[in-house]
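Have a look at the structure below, then the notes.
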Amino acid sequence: MNNKRFVYADNAATTKVSPQVLDAMMPWLQEGYGNPSSIYRKGREALQALNKAREQVARGLGAAPGEIFFTSCGSESNNWAIKGVARAMAKRGKKHIITSAFEHHAVLHTVEALKKEGFDITLLPVYENGIVRVADVASAIREDTALVTIMYANNEIGTIQPIAEIGAVCREKGVLFHTDAVQAIGNVEVDVAAQNIDLLSLTGHKIHAPKGVGALYIRKGVPRFPNLIDGGGQEAGRRAGTENVPYIVGLGEAVEIACAGIPQRAAMVRPMRDRLIRELLELPHTRLNGDPEQRLPGNVNISFEGIEGESLLLMLDMNGIAASSGSACTSGSLDPSHVLLAIGLVHEVAHGSLRISINDETTDADVDHILGTVPGVVEKLRDMSPLWESIQAKKAV
Amino acid sequence: MLYSDKVLDHFSNPRNVGELPNADGVGEVGSPACGDIMRMYIKVDGGIISDIRFKTFGCGAAVATSSMATELIKGRSIDDALSLTNKAVVEALDGLPPVKIHCSVLAEQAIKAAISDYYTRQGIDPLPIVGNIPDAEACHTH
């Protein structure tokens, strides 16, 4: 069974550091070890590297450098933005937060923590296609709404949200709008001004920078909100901690590369994605999760009725394919993915989901290997399954 | 999370997969909501489990524990089969990650359910012999 061909199809989970990013980082892991706050030359050089990275990230988003703040990751950016804004707005009597039912846990668990502090949380539905409706956002906004936070693109099913329209509604109603853009950067064109975005989270490790670095965009007009991390005056006094120069340099480089050539990369990747979807859907009792069009160019998420996700992944791994699933066993909890439940899948169908996330380094031969492996694995697992017989007797899902 | 070589072996080459069309007892435990369902078929001859098959919907540990459990009780007496504990299954597999121990509990229950069904078909009340088989949801408490 072991073909020795390795196909990495889990780019939504994390990506390999690219050679250009690594090259940009290396000097700052070697001779460029200065603390950017230091007055001497080594410190000033590090500060210049920091400034350059800040400009690169700003340009990628269509923002000003002074609006970019470096963090350790997307989760930190999400925590800081949401908790910070919530606490600032609470002082003005606004204790209502609107988000979606299928946000990443870094957002969902953050709002849950705020709920325990007395905030009122509205979870907007995402319907069967996995897309938030702008009208729902508009009607959910109240006098006391402090913040709307909606992810730009969902990490599991890849659906892309109507961010510019949601931002416009929030702007019109005078409510701050944050978006977790961790999965969107490099895949869709982000323009914070045109898309009415007040705050935006991003991370490096989804775009070929290392794990452990992210950023938060805060539009200049957003009222000052509390720090998550207090201490020395780094990041204009808003996020303490000696700056992780090499990693921030890597992030800057990665954002610059990611934000250039988005349409060209998408044009390369989409056909492979669509081929995977088309051919895998030829297997009986399967379904695509999430809208087929409003979808990240590299995301495939398919449920195979009658089988369980972890088993599927183990067998794929034995065939050299790395992918992920929304089953409970893989989520480490008792329930399958909240994203799949939010789009209306019943538990057992959610358990049998497979997420494949390819990128512009994926080749047709890789796709061939995936398509040559999955059907056989699905068949073997279905033959072992006590559910398969009765599923076949039913109508297709 | 790491699986032992034995677990991976029983997962990729599971023993006794399938059905027994003329089974003397069939037991099914678990639930779709759980993400874990085991069904065991047994043939009983003179108090001995002469043949056994299983079907499982579940993770690597679920498949491996089903496979190992059937191997451990095939050819053994019903009494021996009833005294098989999930601990024995886990040990036979060289251990399971803590978060997967509940799969072995399900295997133990599936065997008891099959034997229970065997007695019921004989017109014998299984409860005093097999005992109570806890609810599917209980498999998650460990």
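The values are calculated or read from the model by the stated rules, or taken from the named source; none is laboratory data. Everything numeric here is computed off the predicted structure, so don't read it as measured data. Cβ atoms come from the backbone with ideal geometry, glycine included; neighbour counts cover every protein chain shown.
Checked across the stretch A:381-397, the condition of being of a type outside the set (V, I, T), at positive phi and loosely packed, with under 15 Cβ neighbours inside 10 Å holds for no residue. Return yes when B:A81 is within 11 Å of the chain's Cα centre (by Cα) and within 14 Å of chain A (Cβ to nearest Cβ) and no when it is not. When the stated conditions are applied, B:A81 does not pass them. Residues that are at pLDDT 95 or above, surrounded by 15 or more Cβ atoms within 10 Å (Cβ to Cβ) and not hydrophobic (A, V, I, L, M, F, W, C): which helices (runs of 4 or more DSSP H) entirely in the stretch B:8-99 hold 1 or more of them? Because the criterion is at least 1 residues that are at pLDDT 95 or above, surrounded by 15 or more Cβ atoms within 10 Å (Cβ to Cβ) and not hydrophobic (A, V, I, L, M, F, W, C), the helices (runs of 4 or more DSSP H) in the stretch B:8-99 that meet it are B:60-73. When every residue of the stretch B:4-17 is checked against the conditions, none turns out to be among the acidic types (D, E), more than 25 Å from B:G95 (Cα to Cα) and more than 11 Å from every other protein chain (Cβ to nearest Cβ). For the stretch A:349-357, does any single residue satisfy the condition of being part of a helix (DSSP H, G or I), of a type outside the set (A, V, I, L, M, F, W, C), within 13 Å of another protein chain (Cβ to nearest Cβ) and within 24 Å of B:K100 (Cα to Cα)? Yes, some residue in the stretch A:349-357 is part of a helix (DSSP H, G or I), of a type outside the set (A, V, I, L, M, F, W, C), within 13 Å of another protein chain (Cβ to nearest Cβ) and within 24 Å of B:K100 (Cα to Cα). Has the stretch A:382-396 got at least one residue that is among the hydroxyl-bearing types (S, T, Y), at pLDDT 95 or above and not in a loop (DSSP other than H, G, I, E, B)? No, the conditions are met nowhere in the stretch A:382-396. Return the pair list, or none, for Cβ contacts closer than 7 Å from residues in the stretch B:27-48 that are at positive phi to residues that are among the acidic types (D, E), at least 6 apart or on different chains. Listed pairs, sorted by first residue: B:G30/B:D36; B:G35/A:E308.
Among the residues of this structure, A:G376 does not count as one that is assigned to a loop (DSSP other than H, G, I, E, B), closer than 17 Å to A:L316 by Cα, of a type outside the set (K, R) and within 14 Å of chain B (Cβ to nearest Cβ). Only residues that are outside any loop (DSSP other than H, G, I, E, B) and in contact with a strand residue (DSSP E or B) (Cβ under 8 Å, 6 or more places away or on another chain) were counted across the stretch A:99-113, and they come to 7.
Of the residues making up the stretch A:72-110, those that are surrounded by fewer than 23 Cβ atoms within 10 Å (Cβ to Cβ), under 20 Å from A:G214 (Cβ atoms) and out of contact with any Phe, Trp or Tyr (no Cβ under 7 Å at 6 or more places or on another chain) number 11. Filtered by the rule that a residue be over 30 Å from A:D317 (Cα atoms) and assigned to a loop (DSSP other than H, G, I, E, B), the stretch A:1-33 gives A:Q30, A:E31, A:G32, A:Y33. Return a yes/no flag: does the stretch A:295-304 have any residue that is within 14 Å of another protein chain (Cβ to nearest Cβ) and basic (K, R). Within the stretch A:295-304 (the criterion being within 14 Å of another protein chain (Cβ to nearest Cβ) and basic (K, R)), the answer is no, since none of the residues qualifies. Quick one: in the stretch A:309-322, which of the residues that are touching a Phe, Trp or Tyr at 6+ places or on another chain (Cβ under 9 Å) and more than 10 Å from chain B (Cβ to nearest Cβ) is nearest to A:A153 (Cα to Cα)? Within the stretch A:309-322, the match that is nearest to A:A153 (Cα to Cα) is A:A322.
Kindly indicate the residue of the stretch A:177-197 that is acidic (D, E) and surrounded by fewer than 23 Cβ atoms within 10 Å (Cβ to Cβ) and also farthest from A:S77 (Cα to Cα) among those meeting that condition. Looking at the filtered set, the residue picked out is A:E189. Taken together, the criteria exclude A:T149 from residues that are without any contact (Cβ under 8 Å) to a residue 60 or more places away in the chain and of a type in the set (S, T, Y). Checked against (1) buried (at least 22 other Cβ atoms within 10 Å of the Cβ); (2) part of a helix (DSSP H, G or I), A:P336 passes all but condition (2). Filtered by the rule that a residue be among the aromatic types (F, W, Y) and either touching a helix residue (DSSP H, G or I) at 6+ places or on another chain (Cβ under 7 Å) or part of a helix (DSSP H, G or I) (or both), the stretch A:34-86 gives A:F69, A:F70, A:W80. Check the stretch B:107-120 and report whether any residue there is in contact with a His (Cβ under 8 Å, 6 or more places away or on another chain), touching a residue at least 24 places away in the same chain (Cβ under 8 Å) and within 13 Å of chain A (Cβ to nearest Cβ). Checking the stretch B:107-120: not a single residue is in contact with a His (Cβ under 8 Å, 6 or more places away or on another chain), touching a residue at least 24 places away in the same chain (Cβ under 8 Å) and within 13 Å of chain A (Cβ to nearest Cβ).
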